[in-house]
Every structure is written in C-alpha cells, then in structure tokens.
Amino acid sequence: MQRATSGHTPDAATPDRVVLQVAIDAPVMALFDYLPPADGLRPQPGQRVLVPFRRAKRVGVVVAIAGASSVPDQRLRRALAVLDDAPLLDTHLLELLAWASGYYQHPPGEVCASALPRLLRQEHADSPGIPIWRITPAGREALAAGAPKRAPVQSRLLHALGADDGTGVTAEQFASLAAGWREALRLLERKAWVERARGAPPVEPPPGAAETPPAPTAAQSAAMAAICAARDFEAFLLEGVTGSGKTEVYLRAIAAQVAAGRQSLVLVPEIGLTPQLVERFRRRFRGTGIALLHSGLTDRQRLEAWRRARDGRDLIVIGTRSAVFAPLPLAGLIVVDEEHDLSLKQQDGFRYSARDLAVWRARQLGVPVVLGSATPSLESLANASAGRYQRLRLPERTGMARAPGFHLVDLRRQVATDGLTPPLVAAMERHLEAGGQVLLYLNRRGYAPTLLCPACGHCLECRRCDARLVVHRHENRVACHHCGASRAVPEHCPECGGELLAVGQGTERLEAAVAGRFPQFPLIRIDRDTTRGRGQIEWRLGEVAAGRARILLGTQMLTKGHDFPQVTLVGIIDADQGLFGTDFRASERLAQTIVQVAGRAGRGERPGEVYIQTLFPDHPLLQLLVRDGYERFGEAALAERRAAGWPPFSHLALLRAEAPSREPAMRFLERARAAGETLAAAELRLLGPASAPMEKRAGRYRAQLLVETANRARLQRFLGAWRALIAALPEAGRTRWSLDVDPVELF
Ligand code: ADP
Ligand code: ZN
C-alpha cells in the first residue's frame, strides 16, 4: 500500500517528477500515490485511472498531481492506464468532495465514488455508444477563412459542424445533409478540421407546446424578483404552507436560468420525486432537457442522465440526495425542496447532508440557493434569523382555499374504537356527505403493532431486536420492522398456550375498520406494503386525484409533496408517537408532520378541517402549534434549544458502535472516550457511552458516544485528530463503528 501523506517532503525527486494522488473506493482516510502509467499519458485531476491496489486492480480518480511523494521510491507503483480522455469531475466538484470528506470525516475514495454513477466506478468507458464528430480549432479557422472552396459537400458538412452546439454531429445528421457525406467527412478528417468522438444520441424534445404559467401572486413575484436579482451566492429560505405556490416560484426562477442557458439543480426528498412533480416540470419546460437522478433508475439510465448533466445538455437536473454531486458545468441555481426532510441526510456510510452541501456548493459556484419548506428545519430558521439566509414568505394560499381549522381530540375522554373517536367519525360523515375527500394519517403499517397474550402478559418480540413483532393480517405473519425477520402468526401463546390478541392500530387494521364503517365510500391505503408493486403508487395516487377514492389512509408516504386538492378533512389517528421521543428533535418532527399532513386539507376551493387525536391535548408545544401556527412553534422550540444548548446552538457528532454483544461495543466507546479526553479542549463535551435507545437490532448491540461543542471549527479540529486515534485502537477492529457529523437522529 502506498498511502499518501499530507504535505510533501521534497525528496530526491527529479524536478519534473509527477505523482498522482488517487482517490480509491476503500475505507481508508487517505489518498494513494502512484506514478503515471508507462504509456506516458499524464492524466489531469478528475480523470480516472486503473491502478494496482493490494493484490487487485482498482479504478480510482486522480484528485491532485504532486511533484513528490512521501512513499519510498521502491514502493511507489505505476498506474496501469488512464481511463478517460478528459476529466469526469471538474475542479469545483473535486473541491466539494475534498471538503465533504474532511467535514464528514469520511474516506475520500468513498466520497468520490458516491459522486460517480455506478458504471463509472468500474472500468466502464465514459463513451455513450454512438460516434459523433466535432469541428477542431483548425477547422474553425478554415471555416472562418471561407474554406473549403470548390468542395460543396465538405463545405456543407463543415458549416453544420461549425453550428454545432457542442453535442456533436451524428452520422444520421450528416446523411440528411448530403449523399456523398462519408467521403467528404474522410477528407475533412484528413485535414484535421474534424475530430471523431463518442457522444449520446440527441434527445428528442417532447412534442407539444409548453404550458403558460399562471400569473404570479404578489408574494410570488416578490420572491422571484429577489431570487432572480441574486448575481452571486445568496441563500433564500422560501417559506410557505403547502399549496402556497413554492413550486411555482422554483419553476419561474428556473425558467429565467433556462432562458440564460444556465443549469438548475433541484433536490427533492426520496419520496417526493413523484410523477406529479416531474410531469409538472415536463409540461412547463417542453424542449428543455430534464435529467432525473434517483434510486429508481437502472445503472445505464443513471449514467446517461449524469452525462447529460455533465455535458450541459440538460439544463434542469432533478434528483434525490446524491444529485447534490451532479456535474453542473453551467450552474445557475440550486433548489432544495422540503429542506426539512430527513431523507436529505444520508443515514449510513457517507453520512452527508445534501441540504448543507447544496448551500456549500452554491457558495462555491457563486449561485443562489433556494431552500423551500412549509415547515423549515430549526437550523434554517436560525440561519434566517441570524441574517445568513434571506427569508421569503408566501403567506396566502393561492385560489380560494383557506388555512385549515384544527381540533384536538382528547383520547382520555373519548373512547376510540379501532382507533377512531366519535368526534372524528362524525366529522368524516359530514365531509363525505358533503362530497369531500378524507385523509387519515397513521404512521404505523401493518395490522397491529403488538401481539399479546392477555392470560400471561407475554408479547411477541423479535429474537434479534429490542422490538415487538408487528401483525400483518393479510400475509398472516408477524414481522419485525427493524430487521425484516418474519414468521407465521403463532396459533397460541408460546409461553402459556393461551389465545393471542392483536393490540393497537396499524394502517391495515384501520383500513378494515374504516371500510366496515363507511362501506359506500371507496378507500385507498398508501403505505410501503400496498405500494411495493411497480406502478402501484401511481395508480393509487391517480384514484385519489380522479376523485374515485373518497377515503385515503396511510403512513408518512402521504405527507410528502403530493397534491390532493379535494381533501377537506384530515384525521391524525395518533399524534403521541412523536411527542415524547427520546430525541431532542422529537417535537420538531411532530410539528412538521402535523403541519405537512394538515396541509393536505383544503388545498382546493374548500376549507379544510384537521382532527388530531392525542392523550396530551394540553401539551404546550402542541397547543402553540395548533393555535398560532408553525412559525410561532418554531420560535418557541428554538428558545428551548438555546436554553438546553442543543443544535443549532451547539454542534454534535455521534460515534456509534455495534457488536454481537454489548461488551465490545461499550469497551470500544470507553477507549474512544479516553482517547478523546487526551485531545479535548475546554468547551467540548463527551457524553456517554450509552446504549442506543433500541439497543439490540438485527442481532447486534448498539451503543453511542456524543460529542458536543458550541464551536464548529473546534469540533472539526477535534474530529480529525480523534478519528485517527480511534481507528488505531485495538478495539476498533472488533466493533463496527461510524462517525456521524451533524446527526439528525440520535440512535
Ligand atoms: P407548493 O409547492 O407550495 O405546495 P404549488 O406551487 O404546488 O405550491 O401550488 C399549489 C397549486 O396552486 C398548484 O396547483 C399550482 O398550479 C397553483 N398555483 C401556484 N401559483 C399560482 C398562481 N400564481 N396562480 C394560480 N395558481 C397557482
Ligand atoms: Zn428484528
């Protein structure tokens, strides 16, 4: 192994020595030094090389070129080949990746790999398959000088090449110009006026005219004016309830970029990448290429979309989290929709926040970034009140719709039958009779969360997790939602042989109960279980959009970005799941969920109502939210965070460890803590180690150690030194551990 070190001690290197610093997809916190390949090719930063690595060949990305290496000469090996003709990653992206690797304390090779489509992490050539031709600088000069004279076919071809927008000219296009094109092209190639490359087939612009946008409201105009006036980096927090017209603002700001020939990147949460949203972009931007980057693509599709972004052919790039690393040679604008959404933070491996990186990237590129949400994260609210983000508000709802009215239903006073209290049932009857749609939210899939033996009190639990098994009636199985283990529902209690009872509500049970009570109203359930099949989610959303389904019931899949204009009543079956979570973010999450779910009510012409069933109707934050809205809630929640010293008023990193038994994980964390104490400056606290809230999961015991400080720069310095000490601990080899910087979930 030839690990590079930072800082190059000048050795006896020849002055023109070239050392490639290569990022290799391996769990090592370093770059690797190689000499250029023997064929004399000198790759540039951003190009891939094939290198010998341990006993195999690996693909790596050249990140930098140095004049010397700290690796002794006899151990410095040569790269085997250069894989690309030109850099795949430009200097902006390389800088972003280097910064992210340092900030998130994650190996640079793995970080680099996450920026490349899977096919390019392998030896796959960056050649899309069809030959194209481009004019050379010499060709351009010749063209300007009026050549080629007396060769009409060559002249026609060269003019076509000169008018090319950079995507290249295909054989098919030449063929449409002149019959004798092959011979003429050969002659042009011989004069070196034309060069051959490989390119993608031209994208057919979809037929039809682009739709005309609606006239903006005053608030939308003001927001658009602010965004379009930004000539350099500027961060905007676009706040507006669902249906207030945020997407319309994005569309207009993007249209201005398209008109200027610049690219826009739109990041959306995983589930938010709905057909509805993409359709809306397609309708608005007919003839403008849209590259989609999300997990539902095949490797080839992803590579193709990535290339179209990289070549600047598609001016709009829409994608989930990892699209924050999409190449944007013509960057003009970055949009992060639903910026509060948890899925923007990667929760395993390279644990980056796509939102935070988007802001960093916008600053680096000198372009505006718009963070949009009905329920901004407290971090962004704090940034806005500190003046770092410019706040743009869309207060009114467009059209006739009004904000929904809230009702808190006290579960201590009202008896819920199958999860439904009489006030909620009465409201459902009222709205259904009046022709409205009803949405019921319950963030728990399955039939019932518990299978209990009333005789002996035994609950069926997962053998590998600290969790109860969830009853799935349809499959007649009990399943663990944490490790995926499942088995047939036992006939009798394994302890005493008594009858087993399904206790509590899941969406499957709620569906049965609602269908029994309202048999005349078609019902659609949307959760992970009902939408596994291809096309299922589209079909179900379609039934709701067309008004054929009158009752809509489901989990948080319903809360994200979908437009249900005919929903007039929202019922939150159990608000208490979130209120008393162990995480300091529990109340923020609950408020966001309530507002997001409630936002589905009354988006059309009809006003909406929201019923929230809770055991704690007097909870101060719940009261504040329902009475005064999310903004006031946010202020109060921020004040609580400040008093308690939690983010955004402090900065956290979480060291997690897991092992087949409790002991090694705890011992590792104790050693890590001791190592940290040798480094820790004042004002930096190490809290723990402690067992994770769900200690056992998938047969592994999990524990964690929290680092907290008021100063981000101090945390960064500490983490760099600490990680090196941790990795060197003998216990590190016996546990699976990871470092999570700015964790969004404390377990
Ligand atoms: P959000 O993204 O905040 O949920 P949208 O942009 O999706 O809001 O707008 C909600 C609905 O209102 C959409 O159907 C949209 O077409 C419509 N809409 C948005 N802005 C206007 C406007 N200025 N005039 C008329 N309709 C609008
Ligand atoms: Zn389990």
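Quick look at the values:
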| quantity | calculated |
| --- | --- |
| Every pair of residues 6+ apart whose Cβ atoms lie under 7 Å, when the first sits in the stretch 686-707 and is in contact (Cβ under 8 Å) with a residue 24 or more places away in the chain while the second is among the polar types (S, T, N, Q) and surrounded by fewer than 18 Cβ atoms within 10 Å (Cβ to Cβ) | P693/T582; Y701/S661; A703/S691 |
| Matching option when the condition is more than 22 Å from the chain's Cα centre (by Cα) and farther than 25 Å from R286 by Cα, among A256, A235, A226 | A226 |
| Search result, residues across the stretch 329-349 that are in a loop (DSSP other than H, G, I, E, B) and either open to solvent by 10 Å² or more (accessible area, probe 1.4 Å) or basic (K, R) (or both) | P329, L330, E338, H340, D341, Q346, Q347, D348, G349 |
| Selection within the stretch 222-254 - within 14 Å of ligand 1 (Cβ to nearest atom), open to solvent by less than 40 Å² (accessible area, probe 1.4 Å) and farther than 19 Å from E631 by Cα | M224, T247, E248, V249, Y250, L251, A253, I254 |
| Some residue of the stretch 379-399 being touching a His at 6+ places or on another chain (Cβ under 8 Å) and in contact (Cβ under 8 Å) with a residue 24 or more places away in the chain | yes |
| Candidate set: the stretch 464-486, residues that are touching a residue at least 24 places away in the same chain (Cβ under 8 Å) and open to solvent by 60 Å² or more (accessible area, probe 1.4 Å); chosen: the one nearest to ligand 1 (Cβ to nearest atom) | H481 |
| Condition met for D16 (at pLDDT below 90, within 29 Å of the chain's Cα centre (by Cα) and either outside any helix (DSSP H, G or I) or charged (D, E, K, R) (or both)) | no |
| Odd one out for V610 among (1) touching a helix residue (DSSP H, G or I) at 6+ places or on another chain (Cβ under 6 Å); (2) surrounded by fewer than 18 Cβ atoms within 10 Å (Cβ to Cβ) | (2) |
| Unique residue being surrounded by 14 or more Cβ atoms within 10 Å (Cβ to Cβ) and outside any loop (DSSP other than H, G, I, E, B) when the list is V62, V71 | V62 |
| Test: residue in the stretch 488-503 that is open to solvent by 70 Å² or more (accessible area, probe 1.4 Å) and within 26 Å of A416 (Cα to Cα) | yes |
| Search result, residues across the stretch 673-711 that are crowded, with 17+ Cβ neighbours inside 10 Å and within 16 Å of ligand 2 (Cβ to nearest atom) | A692, E695, K696, R697, R700, Y701, R702 |
| In the stretch 189-221, the residues that are under 30 Å from T170 (Cα atoms), at pLDDT 75 or above and open to solvent by 60 Å² or more (accessible area, probe 1.4 Å) | R190, K191, E195, R196 |
| Verdict on A138 being part of a helix (DSSP H, G or I) and over 30 Å from R351 (Cα atoms) | yes |
| Number of positions in the stretch 405-440 that are under 19 Å from I594 (Cα atoms), of a type in the set (A, V, I, L, M, F, W, C) and either without any contact (Cβ under 8 Å) to a residue 24 or more places away in the chain or open to solvent by 60 Å² or more (accessible area, probe 1.4 Å) (or both) | 1 |
| Selection within the stretch 516-568 - in a loop (DSSP other than H, G, I, E, B) and hydrophobic (A, V, I, L, M, F, W, C) | F518, F521, A546, A549, F564 |
| Candidates L451, L411, L440, L424 - the one that is of a type outside the set (G, A, S), over 20 Å from A575 (Cβ atoms) and away from ligand 1 (no atom under 16 Å from the Cβ) | L451 |
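The values are calculated or read from the model by the stated rules, or taken from the named source; none is laboratory data. Bear in mind that the values here come from a model prediction, so they are computed numbers and not experimental data. Every residue, glycine as well, gets a Cβ built from its backbone with ideal geometry; the counts of neighbours run over all protein chains shown. With ligands, DNA and RNA removed, areas are computed over all heavy atoms of the protein, side chains included. Shrake-Rupley method; radii C 1.70, N 1.55, O 1.52, S 1.80 Å.
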